[in-house]
Each structure stands twice: as C-alpha cells, then as structure tokens.
1. Confirm whether residue 4 is modelled with pLDDT under 95, hydroxyl-bearing (Ser, Thr, Tyr) and either outside any loop (DSSP other than H, G, I, E, B) or within 23 Å of residue 107 (Cβ to Cβ) (or both).
2. If I filter the stretch 37-60 down to residues being part of a loop (DSSP other than H, G, I, E, B) and open to solvent by 50 Å² or more (accessible area, probe 1.4 Å), which single residue comes out as modelled with the lowest pLDDT?
3. State yes or no: is residue 27 part of a helix (DSSP H, G or I) and either open to solvent by 80 Å² or more (accessible area, probe 1.4 Å) or under 28 Å from residue 114 (Cα atoms) (or both)?
4. Where residues in the stretch 84-116 are part of a helix (DSSP H, G or I) and open to solvent by less than 60 Å² (accessible area, probe 1.4 Å), which of them is farthest from residue 58 (Cα to Cα)?
5. Output the residues belonging to the stretch 61-83 that are open to solvent by 100 Å² or more (accessible area, probe 1.4 Å), under 30 Å from residue 20 (Cα atoms) and assigned to a strand (DSSP E or B).
Amino acid sequence: MAGSVQVNQLNINLEQEILRVLSKTGEKCAAGIKQKSPKGYSGKYAAGWTSEVDQNEKSVTVGNEGEHSSLSHLIELGHRTRSGSSVAPQEHIRPEYNTSKQYYLSEMQKIEIRPN
C-alpha cells in the first residue's frame, strides 16, 4: 500500500443535555397545566400535576397524581352527568402539550455538539 489512513474517533455524548431538556420541558408542561386547570375541587386537581423523567427511555411523563386525578379525561373532553345533562369540555391539557412540544423541539435544536 502506498499510504495509510489514520482515523480519529470523535466521541459526542448528548445524553445529559437531552435529559436536561426533557426535565425542563416536563416541569414547564406540568406548571402550565396546573395554571390552566379548573380551580374547583379545592385546588387539589390542579395541584396534582407533576412530571417525571425516565432516564432509561429518554422520555418525560406528565401526569396528575393528586386526589382527583381520575377526572382529567372528563374535564378535558367533557361528559354526561347521571341526570343526562352535558358538562362542556375544559381543555387545559392538550393546549399545554402542544406548547411544550414546540418548546422541546426548539430547545433540542439549541443543543451544542461538543466533543468529549
């Protein structure tokens, strides 16, 4: 062979930055849902919104762990009562999800790629 080629390995680890963005996105989403939640039920429904990052799956879950957590879908989508009347939907989850999704995508694009 006439010449040799030297290959330099470039190590880039984005895991910490991704986890930081996920954590911040989850916190902002939960806070936004808390703020937009109906204030009935002594405020316990709104207070129950939390976020948790799964480091293995590289994902974040936003959910309601409060006393009235089972009401989320009824409040968000509306429902019928036992007497047959309707309760109008009070969207507070989907709008915040959409806002948080845009925030997440924007923050991911800002991550600087630096070699280790």
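The values are calculated or read from the model by the stated rules, or taken from the named source; none is laboratory data. Remember, it's a predicted structure, so these values are computed and weren't measured experimentally. Glycine gets a Cβ as well: all are built from the backbone with ideal geometry, and neighbour counts include every protein chain shown. SASA here: full protein model, heavy atoms, side chains in, ligands and nucleic acids out. Shrake-Rupley method; radii C 1.70, N 1.55, O 1.52, S 1.80 Å.
1. Details: modelled with pLDDT under 95: yes; hydroxyl-bearing (Ser, Thr, Tyr): yes; either outside any loop (DSSP other than H, G, I, E, B) or within 23 Å of residue 107 (Cβ to Cβ) (or both): no.
Spelling it out, it is not the case that residue 4 is modelled with pLDDT under 95, hydroxyl-bearing (Ser, Thr, Tyr) and either outside any loop (DSSP other than H, G, I, E, B) or within 23 Å of residue 107 (Cβ to Cβ) (or both).
2. Applying the filter and picking the extreme gives 39.
3. Considered against the rule, which asks whether it is part of a helix (DSSP H, G or I) and either open to solvent by 80 Å² or more (accessible area, probe 1.4 Å) or under 28 Å from residue 114 (Cα atoms) (or both), residue 27 comes out as yes.
4. Per the stated criteria, the residue is 95.
5. Passing the criteria: none in range.
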